[in-house]
Each structure stands twice: as structure tokens, then as C-alpha cells.
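Okay, so here's the structure we're looking at.
The values are calculated or read from the model by the stated rules, or taken from the named source; none is laboratory data. Computed from a prediction, not measured in an experiment: that's the story for all the values here. Every residue, glycine as well, gets a Cβ built from its backbone with ideal geometry; the counts of neighbours run over all protein chains shown. The accessibility values were calculated without ligands, DNA or RNA, using every heavy atom of the protein model including side chains. Shrake-Rupley method; radii C 1.70, N 1.55, O 1.52, S 1.80 Å.
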Amino acid sequence: MDQSEKLHGHGMMGVGARRSDAVAAELATMIQTGGLQEGERLPAERDLMQRYGVSRAAVREAIVSLANRGLIETRLGHRPIVRKPDYEIAVDRVGNLVGHLVVDRKGVWNLFETRIFMETALARWAAKHARRDDLEELRAALDTNREAIGNSSLFDETDAAFHAVMYRMPGNPIYPAIHKAYVEWLTQHWRSMKRGAGIDQMNYAGHEAIFEAILARDPDNAEEAMRRHLVAAWEFVRSTFPSDN
């Protein structure tokens, strides 16, 4: 079935709706119901103009709307490609908003507090439910983190990788998407913090305490070790802001 056949037969746009919004709504429905498949290119602008009886400007507005919602991927000089909606895309869209909310200390603290809430719960869950494979993966991530002490950029990567294991353990795909967002939202603050092997060592010690509590199947200690680790980390994040007035 070619693109014109796929588009043929869809209902007329709602009366009173902005034309670009109506085009975006119909294309979104087609993507979500499989009428347009992941990896497939959208019809050419001219085809969309003819099908919906709208201007090129309205088609382009609709395409921007779909791209902002994560339903298509755009590249200069190429027709947009359909993307399958998933949790990571959804969190990325939220990230566009969150980025504007974390420009001061209070905003970053609000975000960081949600991370503490999330990761202390994940540490408790891991202590109760982690499988042998989970523990082996966490141990390997801890070893890699230890080997990176003194190499700031590599340590940051292995630090994030250690925490990422706990986000994956429960098997809920929303959790890893949230972790990816935390890393992206907070990375500018990590990069501007004081660095050095001593700080890396302190952070590694926090990871080690978390791992040992999880390995010992001690939920209370695992939760508390994670809380101590993240509260200490917050003090370094705090240092990236000007002093309180």
C-alpha cells in the first residue's frame, strides 16, 4: 500500500480546529495505530498539502508538532521518519520542560530530591528482590567504577552505570528512562563540581556500602546507604551555585 492509499479515507478535519493541529492529529493517529510504521518516511509535503487541502506552512507546523511529541525524527534535507512512541521519548519530552526549571538551586534541589526518593526505594527493592544475575551485574559495575578513580570523565560514566543497574533491576522500562533523564538534567552540575581522586574515592565508598547492604539482603541499610551517598553528592552539586544571600 502506497502513502496515498494509506492517507485516503481518513476523516475530514474537525471544524474550528487549526489546520496544522488537525493534520498533526490525523498523522499522530496513523502512527499510533500502525498506519504509518516505525522507520517509515512521512509522505512528501506536497502530498500532505493535497490530501488535507492545507498550505505548506500548515504542513510544516504539523511536522514540528509531531517532532516535539517524539513521534517523528526530522533531519535537514530528508523527509521525516516515524518513531515508535516509547518511555524514553516521553521522558525526553518532559525533559525539555524540566530543563527550564533547574536553573537555580531550589529547582535543582527539587529535582535531586526526587532522585533521592526514587533511588532509596530502588536500593530497598534490590536488597529484597535482586537476583543472582542482578548482583553480578552490580558487582561488575562497582569494579569498573573503582578502576576509574582518578579519571573524572570516566568515573562519572561508571558512576552513572552503577546507578543504572538498580533502575533496570525491577524490569519496569519507565525506570531506566527516568535514570537517563536524571543524568542528562544534572550533568552540567557534575561537570562543574570540584574534582579529584579523593572525591572519586568518597563516591566509590558510597557505592560500595550500597552494594554490600544489597548483597547482605538488608533493606534498611541499603536504603540508608543510598540516602547518605546521595545527600553527600548533593553537597557537591550545591557547591556549583553562588552562595546564599
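In table form, for the structure just shown:
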item	result
Matching entry among Glu137, Glu223, Glu208 (being over 19 Å from Val237 (Cα atoms), acidic (Asp, Glu), open to solvent by less than 70 Å² (accessible area, probe 1.4 Å) and in contact (Cβ under 8 Å) with a residue 12 or more places away in the chain)	Glu223
Count of residues meeting criterion [open to solvent by less than 20 Å² (accessible area, probe 1.4 Å), modelled with pLDDT under 95 and under 19 Å from Asp200 (Cα atoms)] in segment 159-184	0
Any hit, segment 95-114, residues being modelled with pLDDT under 85 and within 25 Å of Glu26 (Cβ to Cβ)	yes
When residues of segment 233-245 are limited to those that are out of contact with any Ser or Thr (no Cβ under 8 Å at 6 or more places or on another chain) and surrounded by 14 or more Cβ atoms within 10 Å (Cβ to Cβ), the one modelled with the lowest pLDDT	Phe241
Qualifying residue in segment 187-196 (condition: open to solvent by less than 20 Å² (accessible area, probe 1.4 Å) and touching a residue at least 60 places away in the same chain (Cβ under 8 Å))	yes
Near pairs, Cβ below 9 angstrom, 6+ apart or cross-chain, from segment 67-86 (within 11 Å of Glu40 (Cβ to Cβ)) to any residue that is open to solvent by less than 80 Å² (accessible area, probe 1.4 Å) and among the polar types (S, T, N, Q)	Pro80/Thr74; Ile81/Thr74
Selection count, segment 1-29, where residues are modelled with pLDDT of 85 or more and either charged (D, E, K, R) or in contact with a Cys (Cβ under 7 Å, 6 or more places away or on another chain) (or both)	3
Options Gln32, Gln50: the member that is assigned to a helix (DSSP H, G or I), at pLDDT below 85 and out of contact with any Phe, Trp or Tyr (no Cβ under 7 Å at 6 or more places or on another chain)	Gln32
So Gln37, is it modelled with pLDDT of 55 or more and either exposed (fewer than 13 other Cβ atoms within 10 Å of the Cβ) or on the phi > 0 side of the Ramachandran plot (or both)	yes
